[in-house]
Structure formats: C-alpha cells, structure tokens
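One structure below.
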Amino acid sequence: ITSENGTYDPDSMTAAQNNLAGSLSSMLGTTGQIVEDNQSASDSISSDLQAIINQTSAISSTLSNASSNLGGSFSDVSDDDTQADTIGKVANCLNLGFIGADLNVGGISGAVTLENDLDPEEDIDITGNESLNFDYEVRAVIRNCENQGTIDAKRQNAGGIAGYISIGLVHSSVNTGNINATGADYVGGIVGQSEGYIRNCDTKCILSAASYVGGISGLATTVSDCRSMIQIEDATERIGGVLGQASTDATIENNYFLPVKTDLGGIDGISYESRAKSLSKEEFFALENIPSMYETQTLRFIFDGGSSKNITVNFGERINVSDIPSVPKKEGYRGTWEGYDELISSEIVFDATFTCVYTPLNTTIQSR
C-alpha cells in the first residue's frame, strides 16, 4: 500500500488490516448465528417429527388392538323362530301363478340372502355401548307358505318355495307346483340350494332338471322332518328323493319320501335310516300328521271362458271316464281336453291341469 506520491504508507496498511479483521469477525459471527439458527430449526423439526412418530405409533397400537376385536360374531337366529315372532318373516302366503326366470326362482321367494348395499344406520338395530366390535344377529323366515304355481328356470337354483337361501329358515311350507328346469342345476321341491334351515316341509310335484335335484332340495345343509313324493325327469346326476346331495357336515334328520315309479334313493341315490329314507305306500301314509294332499290328487279342468271344475282321485287310481266333464260345444269347432289320452290310460299320482282345446272343423271336402 502506497501513498499518493508512490511511497509506502504504514497507516493505510494498518487501516486495511483492521478493516479485513473486522469483516472476517463479522462473517464468523453471521456464520455462527446461521449455524445456531439452523440447529434450533433442526431441533424443532426433529421434535415435531418425533411427536408425529409417537402419535402414529399410538394410532397404530390403537388400530392393532381394535382389529384384534373388530367384527365380533355373526349368527343366524332364524331357527329360533316362533309363531309369535314377526320381524324378518314371510308367513301364510299362497302363490297360484306361473313363475319364470333365469336363476334363483321360487314360488314364494327368489333368494333369501344378505344385501350387498347394507346400511347399518337403516337396516341394523344397534343396542349396547358404541364400539367397533359388533355381534350380528340375522333373521329371515318363511313359514306356513304354499306354492301351487308352475316354476320355470333356465340356469340354476329353482325351488317350489325359494330358489336359494344362504341364511334363514323355511318351515311348515308346502309345494305342489311342478318345476320345469331342464337345463338347470340345484333344483328342489322346496328349495333349490340351501345353506340355511329347512324343517317340516312337504312337496308333491314333478321336477325336470340337469343335476343336483331332490324332492326337498338339490343341495342343502340342514333338513329335518320333511316329506316328499316326486318324479324327476331328464336329470343325469346327484338325484334323490330328499336331496340331490348333502353339504359337508350337514344335519339331515327324519326325512321320508314315497317313490313314484322308481326308487331314487334318499340322497344322491342312497337311502339312509333316520336321515332320508324311502317308504312303502302304507308306511308313508301312516306317518304322523301326513297332509291329505298325498293321498288324494286334484285334477283341474279349465274351460274356454276361464271357469274350471276340480275332480279328486285317490292316489294311484284311474279316473272314471264318466267323471270327466264334457267339453262345451262350440259351433264350427271340435273340442277336447288337452292330454285326454294320457289321462284315461294312466294311474293318477300327481295333481294335473287339463285345458279345453278347440280345433276348427273342415267345412269343405275337395273332390273331383
């Protein structure tokens, strides 16, 4: 460092050194403050992160404890049903009409199962303290119902009372309607396929199906005190007078059937004592509280205008020709009962309906 005239200036040198030292000192102070501030911020962030981690751990622990108890139990209390119970029940209903669908087809109910759009606030009655742990109870009961209408199904699960039940109870119900399901599986006189309870039911009908076909059910879990008199047509496998097949660990008790033409066996071609057994005509009709529908058959004759006449015939008898109502005359037509030839030539073992059919007469004859 020099003066204006080019000579060395010790005062200027000292001043410059002092300025440099002051600047360095200021830089060190600023840097130290930055470090101190960053350390403070880092400590704060670390503290916040640790608090988040601690809270997350607490939430995880809470959810873990809740998940170990979440869901409670699920129980179907339908089998505890009494006559006085009214919730979740269809009772004392009669169907006379034709029912047709692809699957889950029944004279009283199609499917008895849980809905996918269950809304707990609307569909569940909640009792007790609020908790994540629920004990569910469900009821779905069909009692004292009857079907006389024809059932027509194309794919699977067809029954005189219900097509399919995953829960619930069918009790003291009767089916006399025939079931036409030639290409379908899981077809039964009462329920097509059942994971619920079937008790004290009766059926008398003709079934046509592919496989898993039974007088009471095509496939079932719990069946007791039921009776059937059926005829199965077209089926190829899993056929029985009571069940086409029983589920694993099924409870099957005190069921009987009356063979018609061929003894189908109680379950999948085999009868089991005290579970699903075939009986002779005398044994079957001697059962306690056997409905009269088995011993007598009703033949219904429907006239052109829709009116009808019923004739009762004892089991296995032939109809007297004189008992068959006359077809009302209709000018220009010839009237007959559809199925007349089979009617007069066969023993009557099932209810049947015969419709009046008119064929136009030829009023001219061609000649040369």
- Local electrostatic count, VAL213, Cβ distance below 12 Å [Lys/Arg +1, Asp/Glu -1]: -4
- Rounded FRET efficiency, nearest 0.05, which uses the C-beta distance separating SER60 from SER166 and R0 of 25 Å: 0.10
- What nm value, rounded to one decimal, do you get for the distance between ASN362 and THR251 when each label is placed 7 Å out toward the C-beta? 6.8 nm
- Task: Go through region 156-171 residue by residue and turn each phi into a ³J(HN,Hα) via Karplus (6.51, -1.76, 1.60, θ = phi - 60°); whole Hz please, and just put x for glycine and proline.
- Result: 6, 6, 9, x, x, 9, 9, x, 8, 10, 8, 9, x, 9, 10, 9
- Where does each of 230-236, 156-162 land if you order them by average Cβ count within 10 Å, highest first? 156-162, 230-236
- For the ALA286, TYR136 Cβ pair and Förster radius 45 Å, calculated FRET efficiency rounded to 0.05 is 0.55
- Note on the structure: Mean accessible area per residue over region 254-368 (1.4 angstrom probe, all protein chains present, square angstrom) is 66 Å²
- Message: Accessible area of region 157-228 with a 1.4 Å probe: how many percent of it is carbon plus sulfur?
- Response: 40 percent
- Note on the structure: In whole percent, the fraction of accessible protein surface over region 301-367 that belongs to carbon or sulfur atoms, probe radius 1.4 Å, stands at 44 percent
- Item | Burial ranking of peptide ranges 99-105, 273-279 (average Cβ count within 10 Å, highest at the top) | 99-105, 273-279
- Item | Residue-span extension gain [GLU338 to TYR272] - 0.36 nm each, minus C-alpha spacing | 19.7 nm
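The values are calculated or read from the model by the stated rules, or taken from the named source; none is laboratory data. On a predicted model such as this, the values are computed, not experimentally measured, just so you know. Cβ coordinates were reconstructed from backbone atoms using ideal geometry, including for glycine residues, and neighbour counts include every protein chain displayed. Quick note on the areas: whole protein, heavy atoms, side chains included, nothing else; ligands and nucleic acids left out. Shrake-Rupley method; radii C 1.70, N 1.55, O 1.52, S 1.80 Å.
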